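**Q** Can you keep this structure in mind? I'll have questions shortly.
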Amino acid sequence: MLRANPRQGVVPAGRTTPAAILAVPVDRPGPRVAKIGRNEPCPCGSGRKYKLCHGVVAVVSAAASPTRQCGECTACCQGWAEGEIRGHRMHPGQPCHFLQQGACTIYDERPQSPCRNFVCGWLLPRSPFPEAFRPDRCGVIIVPMHWRDRPCYVLLSAGRDADEAMLAWMRQHANATGSPFYYQQGLERLGYGPPEFLQEMQAKLLRGEKLW
């Protein structure tokens, strides 16, 4: 694992592995999470066994249901990502001006940017992500990006950070497909992926650039 400190540069912490984590730490240490047994209850609170919920094996070729819809989910409108809609700013703590009573009041006339341009990874055609990863259920929006010639994802906290069950699934998926991902834990910004991905993350940090 590599840990980057904006004031001290990059400090090696143990041996780098083929798929490792790069962390931007804050002053307080993050919580330690015990390993979850596959037959234990899933920590998401669904009441199902971990192996049947967030611990389901990542199937790279799985296709999402063609009828997968947003439903009642409005996570992308709740201000977790920044944007401007018809002159109204949306940012953390400030939902979209046009989100009222849990619905978009201008849905049919919503602007191309940022509304129609936004892509939810859970809704992607042939999305590999399980039903439990719908943003309003897991509290995280999966935002697809690209890194080199492959998909990359940002786990954008939307009410809560990705839990260990979700991170375990994402790590398994990254190891199987080579698709890295970024995520956040409190004020930390982290990434998981191959060494080249981590090196590029490190270079961004040293240049003072945002990771996403």
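The values are calculated or read from the model by the stated rules, or taken from the named source; none is laboratory data. Treat the numbers as computed from the prediction; the structure is a model and nothing was measured. As a convention, Cβ positions derive from the backbone with ideal geometry for all residues, glycine included, and neighbour counts pool all protein chains shown. Just so you know, the surface numbers come from the protein's heavy atoms only, side chains and all, with ligands and any DNA or RNA stripped out. Shrake-Rupley method; radii C 1.70, N 1.55, O 1.52, S 1.80 Å.
**Q** Answer yes if at least one residue in region 149-162 is without any contact (Cβ under 8 Å) to a residue 12 or more places away in the chain, open to solvent by 30 Å² or more (accessible area, probe 1.4 Å), charged (D, E, K, R) and not in a helix (DSSP H, G or I), and no otherwise.
**A** From region 149-162, those without any contact (Cβ under 8 Å) to a residue 12 or more places away in the chain are 149; that's our starting set.
Imposing the further condition that a residue be open to solvent by 30 Å² or more (accessible area, probe 1.4 Å) reduces the set to 149.
Narrowing further to those that are charged (D, E, K, R): 149.
The next check asks that each one be not in a helix (DSSP H, G or I); those that pass are 149.
Checked region 149-162: at least one residue is without any contact (Cβ under 8 Å) to a residue 12 or more places away in the chain, open to solvent by 30 Å² or more (accessible area, probe 1.4 Å), charged (D, E, K, R) and not in a helix (DSSP H, G or I).
**Q** Between a first residue in region 186-207 that is touching a residue at least 60 places away in the same chain (Cβ under 8 Å) and in a helix (DSSP H, G or I) and a second residue that is of a type outside the set (A, V, I, L, M, F, W, C) and open to solvent by less than 40 Å² (accessible area, probe 1.4 Å), which pairs have beta carbons less than 7 Å apart while being 6 or more apart in sequence or on different chains?
**A** L198/G191; M201/G191
**Q** List the pairs whose first member sits in region 113-140 and is of a type in the set (D, E, K, R), whose second member is in a loop (DSSP other than H, G, I, E, B), and whose Cβ atoms are under 7 Å apart, counting only residues at least 6 apart or on separate chains?
**A** Cβ pairs passing all conditions: R116/R110; R126/A63; R126/A64; R134/C73; D136/E72; D136/C73.
**Q** Does region 130-148 hold any residues that are under 28 Å from I106 (Cβ atoms) and open to solvent by less than 60 Å² (accessible area, probe 1.4 Å), and which are they?
**A** Correct list: F133, R134, P135, C138, G139, V140, I141, I142, V143, P144.
**Q** If you don't mind, another one. Residue check: is P92 open to solvent by 70 Å² or more (accessible area, probe 1.4 Å), on the phi < 0 side of the Ramachandran plot and in contact with a Gly (Cβ under 6 Å, 6 or more places away or on another chain)?
**A** On the way: open to solvent by 70 Å² or more (accessible area, probe 1.4 Å): yes; on the phi < 0 side of the Ramachandran plot: yes; in contact with a Gly (Cβ under 6 Å, 6 or more places away or on another chain): yes.
It is true that P92 is open to solvent by 70 Å² or more (accessible area, probe 1.4 Å), on the phi < 0 side of the Ramachandran plot and in contact with a Gly (Cβ under 6 Å, 6 or more places away or on another chain).
**Q** Among the residues of region 113-128, is there at least one that is among the aromatic types (F, W, Y) and assigned to a loop (DSSP other than H, G, I, E, B)?
**A** The answer is yes; a qualifying residue exists.
**Q** Here is a further query. Name the single residue, out of those in region 170-185 being touching a Gly at 6+ places or on another chain (Cβ under 6 Å) and in a strand (DSSP E or B), that is surrounded by the fewest Cβ atoms within 10 Å (Cβ to Cβ).
**A** Selected residue: Q185.
**Q** Also: So how many residues does region 75-94 have that are at pLDDT below 90 and either among the aromatic types (F, W, Y) or part of a loop (DSSP other than H, G, I, E, B) (or both)?
**A** 7
**Q** Checking L167 against (1) within 10 Å of the chain's Cα centre (by Cα); (2) under 26 Å from P95 (Cα atoms); (3) surrounded by 19 or more Cβ atoms within 10 Å (Cβ to Cβ), which single condition isn't satisfied?
**A** The number of the failed condition is (2).
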